[in-house]
1. If we sort B:27-39, A:227-239 on the protection proxy, mean other Cβ atoms within 10 Å, highest first, what's the order?
2. Output ³J(HN,Hα) for the stretch A:197-203: one whole-Hz value per residue in order, computed from phi by the Karplus curve 6.51 cos²θ - 1.76 cosθ + 1.60 with θ = phi - 60°, and x for Gly and Pro.
3. Give the long-range amide H neighbours of A:Asn57: residues separated by 5 or more places, or on another chain, with amide H under 5 Å away, using H modelled in the peptide plane at 1.01 Å from N.
4. I'd like the FRET efficiency for A:Thr231 and A:Gln83, computed as 1/(1 + (r/R0)^6) with the beta carbon distance as r and R0 of 35 Å, rounded to 0.05.
5. Per residue of B:16-26, how many C-beta atoms from partner chains lie within 10 Å of its own C-beta, taken as a mean?
6. If r is the Cβ-Cβ distance from A:Ala169 to A:Glu45 and R0 is 30 Å, what FRET efficiency results, to the nearest 0.05?
7. Given the options A:Val226, A:Val16, A:Val62, state which has the largest fluctuation in a GNM of chain A using a 10 Å cut-off (strictly under) for Cα springs.
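Taken together, the values in this text are just the output of simple stated rules run on the coordinates, not laboratory data. What you see is a predicted model; the values in this text were computed from it and never measured. Note that each Cβ is placed from the backbone with ideal geometry, even for glycine, and that neighbours are counted across all protein chains shown.
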Amino acid sequence: MGKYDKVEGISKRTMVLFFIIDKSYSMSGSKIGAVNVAVREVIPEIQKIAEDSADANIKIAVLTFSSGAQWMYQSAIDAKDFQWNGINVDGTTDIGQAFKLLNEKLARNGGFMTDAAGSYAPAIFLMSDGQPTDEYKKALADLKNNNWFKASLKAAVAIGDDADKDMLAEFTGNLESVLIVHTPEALKKLIRFVSVTASKIGSKSSNAPIDGEVQTKQSDFNQQIVDFNDTLIDSQYDDWN
Amino acid sequence: MELIPLKTNGGVKLKYFKGDNISVIGSSHIKTNTVCQDYSGHFCSNEYGIIVVCDGHGGEKHFRSDEGSKIATNVAIEAINEFMKFEKNFSRKKESLLLQLEKNIILNWNNAVNQHNGNFPFTEEELNKLSDNNSKAVENDIEVAYGSTLIAAVLTNKYCFGIQIGDGDCAVLDKNGVISNHVPSDTRLQFNITTSLCDKAAVQNFRHFWLDEPQVALAVSTDGVRNSFSNETYYFDFCKTIFESYLELPAEEAKNDLKEFLQRLTTDGSGDDVSISIIYNSQAIEDVLKSIEGNATNSNDNELNKIPIELYKENKPEQCGDAAIMEDENGKSNVDDPERNNG
């Protein structure tokens, strides 16, 4: 194969999995505890998907919001190198700030999509337990005009009955991909399921026709979320003690 | 590979257009025990060469897309051969000519798919695997089960053209040793969303180019190839390496080397099925590639695209040979996909 020894530039494509996490004060106790445990535990599974079965490298980016918003790391990190820093709660629920920062980083220049020539659509997973405390409509409208966001796999979890489910549905684009949980155990299972499923679907190379009602990755994702939700054992009422 | 030495009064001559095609199952498809959904083919005559690659969609409701891509490849070669019989009319507006060709391919593909489905109706086993929505979609429109992309290109002594629906790439090597893609881009084709022969708007979704100048070589490939490279320059360099390999090595050896490399490419790259078909003007490419090599050696510069070459030779009449003598000895169509995995 000598002639081909000089061929350069072979690389896998990249899929970024975004965790957008509410760390407002109302998340204190078992809610943030479940988030910390579940994300820390699912990262090795994502690493294994990246190594064993994905058609793409999987990177992870974490954005937290309370009074303001900030990235856990200043770039998307390869799943195999990602270290989870436990999140502590404080402040309010400035989700508009989170949407603004997310929009900035869903970009090639100055953003996290630096492997643009070889990037799959990202997967974005939003978790929140409350009502927005800042003006989020404009930031969300801007985000929805972002082509990376439009193409992304999206899911949201409403942590308890006080979460703004309508706002979360605005974010994902449909109610099917908004899941409501009432207990720490259900939250942990959900985080694991959504993270693993998004990583599996998002990192696959299969293509889909553009025609009208075709099944895209998002609809495939939604279907799996709905099926999972049907089997999820959870309390009907909030129980975060 | 159709490299056929032909004895003439003047000694041994080589066939003017040479080509090859190869499809290799994706590494991720091997892991998931999925069949190869790509198909490829080529055809060479003394007057022109045709290359085709097709990529079946492979999603749940496209469960016969491996058949769809195979049918598309065969239909395209047949339709283009028919098209080339009317070459004397090619002074007409190229846009309408290519549009007619694309319509013929879509019509023939739909007919062939329906004929296949008539001979081999969907089985209960196939349909039972579908969700309700997908089951309805396939019942309403059986072509959906066979959905595939298609890229076909033709090289002649005077011009070349290419047609494409869906993702994938077409590389044209010109007389200056520069490789470029002339198919207009479709901004909708990103994030693994593609246009398809099974689209209701398939006619509108075709894209094409026509170059009224002799070109040296063409390569078409499914998206699994380009997606294995970090940028287009590396992909074009790879195409150039293929041409060099076929020029320097015996055909069988060149094919084996390419097959081996494609297996590595899908493993280290996209994980997707990978298909490539190539066609080249055997005399012109030798001049161009040797000139590039010479210049590269002199300048210690391997960036081949940067070197202007003016050594392309117009076709000499005697090299075209007699059409009857030069006719393909191995049959009209040379479609195959040796890597096909039906398991």
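1. Numbers: B:27-39: 21.0, A:227-239: 11.7.
Packing order, densest peptide first, comes out as B:27-39, A:227-239.
2. 5, 4, 5, 5, 5, x, 9
3. Correct list: A:Arg13, A:Thr14, A:Met15.
4. Values: r = 32 Å, r/R0 = 0.91.
With R0 = 35 Å, the Cβ-Cβ based efficiency is 0.65.
5. Values: counts 0, 0, 0, 0, 0, 0, 0, 0, 0, 0, 3.
What the average comes to for B:16-26 is 0.
6. Working: r = 27 Å, r/R0 = 0.91.
For A:Ala169 and A:Glu45, the calculated efficiency is 0.65.
7. Ranking A:Val226, A:Val16, A:Val62 by mean-square fluctuation puts A:Val226 first.
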